[in-house]
Each structure stands twice: as C-alpha cells, then as structure tokens.
1. Any idea how far apart residue B:36 and residue B:74 come out in nm if each label point goes 7 Å out from Cα toward Cβ?
2. Out of the total accessible area of region B:3-70 (probe 1.4 Å, heavy atoms of protein only), what percent is carbon and sulfur?
3. How far apart are the residue A:115 label points across copies, placing each 7 Å from Cα toward Cβ, in nm, shortest first?
4. Between beta-carbons, use under 11 Å as the cut-off and find the net charge around residue A:81, counting Lys and Arg +1, Asp and Glu -1.
5. Can you pull the three principal axis extents for the Cα set of region A:3-70, in Å, largest first?
6. Please flag any cysteine in chain B that has no other cysteine's Cβ under 4.7 angstrom from its own Cβ.
7. How far, in whole Å, is the closest Cβ of chain A from the axis that maps A onto B, and which residue does it belong to?
8. Divide, for the protein assembly as shown, the radius of gyration over alpha carbons by 2.2 N^0.38 Å, where N is the residue count.
There are 2 protein chains.
Amino acid sequence: MRIGQLAQSVGVDTQTIRFYERQGLLPPPDRQENGYRIYNEKHGERLAFIRRCRILDLSLAEIHELQRYQDDPHQSCAVVNALLDDHISHVRSQIAALQALEKQLVSLRASCNDDREVAACGVLAGISEGSMHPQQAESSA
Amino acid sequence: MRIGQLAQSVGVDTQTIRFYERQGLLPPPDRQENGYRIYNEKHGERLAFIRRCRILDLSLAEIHELQRYQDDPHQSCAVVNALLDDHISHVRSQIAALQALEKQLVSLRASCNDDREVAACGVLAGISEGSMHPQQAESSA
DNA sequence: TTAAAACTATATATCTGCTATAAGGTCAAT
DNA sequence: ATTGACCTTATAGCAGATATATAGTTTTAA
C-alpha cells in the first residue's frame with residue numbers, strides 16, 4: 001500500500017508519516033521503481049501504536065524508548081511500567097499546576113465586575129500589583 | 001538602566017526582553033550612542049506586567065490584547081473580564097482533558113506488574129490493542 | 001597600558017509535533 | 001494532450017522562549 005492509503009487507514013496526514021520516518025519512529029519502507037514508498041501490515045501496526053501513544057500524550061522520545069523495549073522482548077517489563085509511572089506523575093503535576101492556576105485566576109476574576117472603566121478594572125490592577133508566584137504548568141513531579 | 005540590569009531586576013533573560021520587543025509587547029527603548037538600549041521605570045513595570053500575565057499562562061496575543069485595553073482606559077472593562085473568563089474556561093478544559101488522560105493511564109498501568117517480560121507486558125499490550133479515543137489536552141472548552 | 005572579563009549588539013538555530021506550502025515527478029483517465 | 005489525483009523533496013511556520021555564533025564596547029584588574 002502507498003502512503004496515502006496508509007495515512008487514511010490510520011487517520012493521519014501523509015506528512016506526519018514522513019515526519020515519523022525522519023524521526024526514526026517508523027522504519028524506512030521499500031520504494032517502488034518510481035520512488036513511491038510501499039508499506040505493509042507491519043508498518044500499519046507500528047504507526048497505529050505510535051498514534052495510540054500520542055493519544056496518551058507520550059512524547060516521541062518516550063515512544064522511541066518503548067520501541068527499544070519491544071526490540072528486546074525478554075527483559076523485564078519493569079522498565080515499561082516505570083516509564084508509564086513517570087508519565088502519570090508528569091500528568092498529575094500538570095493537573096496540580098493547572099488547578100492552582102485556576103484558583104488564582106478565579107480569585108483574580110472575583111476582584112472585578114463589568115460596571116467599571118478599564119482604568120479602574122480590578123483584574124488589571126490585580127495583575128499589575130504583583131504578589132504572584134511563578135508556577136508554570138510544568139514541575140519536576 | 002541597561003538591558004542586563006532590567007533583566008536582573010525582573011528576573012528574565014536579556015534575550016527574552018529583546019524577544020518581547022520584537023513581538024511588539026515592549027516599546028523599543030531609546031539607545032545610547034553606542035547602540036545600547038536604555039530603559040526607564042515604565043519599561044520595568046510593563047515588563048513585570050508581561051511576566052505576571054505569563055505566570056497566569058496568558059498567551060502573548062492575549063497580553064497584547066490587554067495592553068490595547070490599557071491604552072483605552074475609558075472603555076468598559078467588560079472586555080478584560082471576558083478575556084479572563086475565556087482563559088479560565090480554557091484552563092478548566094485543559095484540566096478536564098488531563099484528568100481523563102490520567103484515568104486512562106492509571107487503568108492501563110493496572111493491567112501490568114513488574115514480574116513479566118516485555119513480551120507479555122500488559123501495558124504494551126493495552127496500547128497495541130487499540131480501543132482508545134483521541135483526546136488531546138486541548139478542546140474548545 | 002594593556003589585556004581579560006563582562007557586557008552589549010544582531011542574526012540565526014534549536015526545542016516539540018506536527019502542518020502547510022512550493023516546486024516538481026508519476027500515473028490513470030478523458 | 002491535458003486534467004486531476006497522487007507521489008517526491010525541501011522549506012517555512014506555529015509558541016515562547018533559549019542557545020549559539022560573531023562582533024563591538026565598557027569595565028576592571030594586573
């Protein structure tokens with residue numbers, strides 16, 4: 001099957017497939033005489049695996065790591081579980097950071113109402129005043 | 001004050017200050033004869049405002065919008081409140097998406113333990129099997 | 001006085017995970 | 001013969017910085 005069919009069957013763009021190939025996530029397929037890429041079932045499965053990992057928000061580097069584990073099927077799968085545990089912590093710390101942010105935003109929002117001029121806006125005043133602690137949606141979990 | 005002092009006083013990199021200037025978030029300051037940028041108090045306040053907005057995870061475009069509102073101080077601050085409300089919805093939908101993701105990851109993790117070979121890993125099997133719904137950390141709130 | 005350290009300047013590349021565009025080659029049907 | 005759908009590579013763009021390269025300036029110390 002050619003790249004367009006593969007793309008459609010998995011639900012990705014053809015560009016994305018070439019991109020994964022360049023990133024080393026998909027093995028370079030054979031080519032027809034005219035240079036067109038030819039894919040088989042295995043490629044489809046591998047691509048679907050990548051997409052499912054992406055749905056879980058695993059990074060391409062993490063997916064790469066999982067693929068390396070799959071290439072050595074007799075080692076303990078503790079490494080896989082550890083990767084997943086790390087990812088779960090990561091997601092949890094993102095959630096925590098966003099919840100703290102939400103709280104901050106809601107409290108800021110409460111400091112104003114629509115019946116004012118911008119010059120007297122409680123929200124803008126609250127931002128300008130300071131007393132805020134840096135805390136991006138990312139921490140070391 | 002020069003760029004290095006400003007950077008230190010606000011706690012950002014000098015590169016970041018030049019970046020904000022290029023993005024139109026900071027007005028181009030006067031220059032010394034040697035071409036060095038010279039900043040005053042106003043610049044410091046404006047930069048601090050930007051940083052506090054960033055801590056609230058507002059995008060540079062949103063910050064720009066807030067600045068435009070500040071330039072027209074007699075309009076109703078409803079626009080500011082609306083921007084904040086939108087941002088709060090945005091943050092809440094991020095949280096919801098991440099919580100759904102966490103649930104999915106935890107359930108996946110429960111399907112394995114460390115006493116297996118990679119070949120029999122429940123986590124990898126779970127990912128390979130499919131039956132997953134696309135759901136990135138972003139939705140239309 | 002001179003030489004190194006510390007600062008400034010611009011331009012460009014890097015990061016993530018794609019997506020989009022440009023410019024062109026291939027193939028089947030009309 | 002030409003249209004259209006497909007394929008190829010190369011390159012640029014998004015966000016929001018951060019890093020690097022190269023060069024000029026100022027300050028400090030020997």
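1. Roughly 4.2 nm, to one decimal.
2. Within region B:3-70, the accessible surface is 43 percent carbon and sulfur.
3. Label-point distances to the other copies, shortest first: 6.8 nm.
4. Summing Lys and Arg as +1 and Asp and Glu as -1 gives -2.
5. Result for region A:3-70: principal-axis Cα extents of 35, 22, 19 Å.
6. Isolated Cys, chain B: B:53, B:112.
7. Nearest-to-axis residue on chain A, with distance in whole Å, is A:95, 3.
8. Details: Rg = 24.6 Å, N = 282, 2.2 N^0.38 = 18.8 Å.
Taking the Cα Rg and dividing by 2.2 N^0.38 Å, one obtains 1.31.
The values are calculated or read from the model by the stated rules, or taken from the named source; none is laboratory data. Predicted model, so just to flag it, every value in this text is computed and none were measured. Counting neighbours? That spans all protein chains shown, and the Cβs are built from the backbone with ideal geometry, glycine included. Each accessible area value is taken on the protein alone, full model and side chains, heavy atoms only, with ligands, DNA and RNA left out. Shrake-Rupley method; radii C 1.70, N 1.55, O 1.52, S 1.80 Å.
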